[in-house]
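Here's the structure we're looking at; comments come further down.
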Amino acid sequence: MATTDEMVQTVKAFILDEFLPGEPADSLTGDTPLISGGILDSIATLKLVMFLEEKFGVVLAAHEVDRQYLDTLNDIAKLLAAKQR
């Protein structure tokens, strides 16, 4: 089971590679708004969900695929940690 820091780093690397190519890694922090900040649109959010489910072996419920749970790296790590228990 991955630690919270490992989850944040894994998800951060995915987002930088997929949605922010060329951006410096330090431009994406644990509190950077991903959905409300316009980094992730609906298609990008679905790609992220598929990545999370495959990489971490979790299943996200429909109500979890929204800004409340996926808006920041810290939110995502918190959700993943709860799912892996």
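The values are calculated or read from the model by the stated rules, or taken from the named source; none is laboratory data. Fair warning: this is a prediction, and the values are worked out from it, not measured in the lab. Positions of Cβ are backbone-derived with ideal geometry, glycine not excepted, and every protein chain shown enters the neighbour counts.
Some notes on this structure:
- Residue within region 10-33 that is hydroxyl-bearing (Ser, Thr, Tyr) and touching a Ser or Thr at 6+ places or on another chain (Cβ under 9 Å) present: yes
- Output for region 28-58, where each listed residue is small (Gly, Ala, Ser) and surrounded by 10 or more Cβ atoms within 10 Å (Cβ to Cβ): GLY30, SER36, GLY37, ALA44, GLY57
- Residue that is farthest from the chain's Cα centre (by Cα) [pool: residues in region 61-77 that are without any contact (Cβ under 8 Å) to a residue 40 or more places away in the chain and closer than 16 Å to THR10 by Cβ]: ASP75
- Region 1-20: number of residues that are in a loop (DSSP other than H, G, I, E, B) and at pLDDT 95 or above: 1
- Meets criteria (in a loop (DSSP other than H, G, I, E, B) and touching a Phe, Trp or Tyr at 6+ places or on another chain (Cβ under 8 Å)) for ILE39: yes
- Scan region 59-73 for residues that are among the hydrophobic types (A, V, I, L, M, F, W, C), over 12 Å from SER42 (Cα atoms) and in a helix (DSSP H, G or I) and the total you get is 2.
- Index of the failed condition, GLU6 passing every other in (1) among the acidic types (Asp, Glu); (2) out of contact with any Ser or Thr (no Cβ under 9 Å at 6 or more places or on another chain); (3) buried (at least 17 other Cβ atoms within 10 Å of the Cβ): (3)
- Scope region 21-35; condition over 13 Å from the mean Cα position of the chain (by Cα) and assigned to a loop (DSSP other than H, G, I, E, B); matching residues: PRO21, GLY22, GLU23, PRO24
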